[in-house]
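What follows is a short report on a single structure.
Rule-based calculations on the coordinates, nothing more; no lab input. Nothing here was measured: the structure is a model prediction, and the numbers come from that model.
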Amino acid sequence: MTPLKRVLVLVAAVVALVVVARLFVSELGSERGDDGPPGVVLAPPPTVPVTRLGEVGRAEAARRLLEFLGPGGAGGPAGVHFFPGDGRELYWFVEGGSAGDPVLVERRSGPGATRVETRWPGPVEERLVWAREHDSLEAPQLPAGESHNLYH
């Protein structure tokens, strides 16, 4: 190989190395597309206004959500965000169900950070009155909630 060919091969190799290095560095600096944390975010839909209650029990959260919804749920969509003191973080909010009936939704994160959603069918106001008096959404006279892991 002539000295000129050796120089040209060396220059081509250096140029290729610089191009690959610049591509690698540009990918390291690229943004993820959103500013939020990775994984599943524990929050209601953006169309639901949420009131942060801090550390309160489920009974108090039910009372406050009933206030926000008003008689018969006429106050429109509403939700509450609270910490019941058992290491969990909860959102309770009301949204339309598949048949157009309002559904009470609970999104919670436990101490292990697993996010779970439970949809509580049936009359929302009746379920919240039960929760206000019994500290639980599991009203025996109403249908059971349907839970699923938000990661799947």
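Things worth noting here:
- Extension reserve of the residue 14-residue 151 stretch, reckoned as 0.36 nm per residue once the Cα distance is removed: 44.8 nm
- Rounded to whole numbers, the Karplus 3J(HN,Hα) couplings from phi for region 114-120 are 6, 9, 10, 10, 10, 9, 9 Hz, using 6.51 cos²θ - 1.76 cosθ + 1.60 with θ = phi - 60°, and x at Gly and Pro.
- For the pair residue 52 and residue 86, the difference between a 0.36 nm per residue extended length and the Cα-Cα distance amounts to 10.5 nm.
- Length gained on full extension, residue 5 to residue 22: 3.5 nm, using 0.36 nm per residue less the C-alpha separation.
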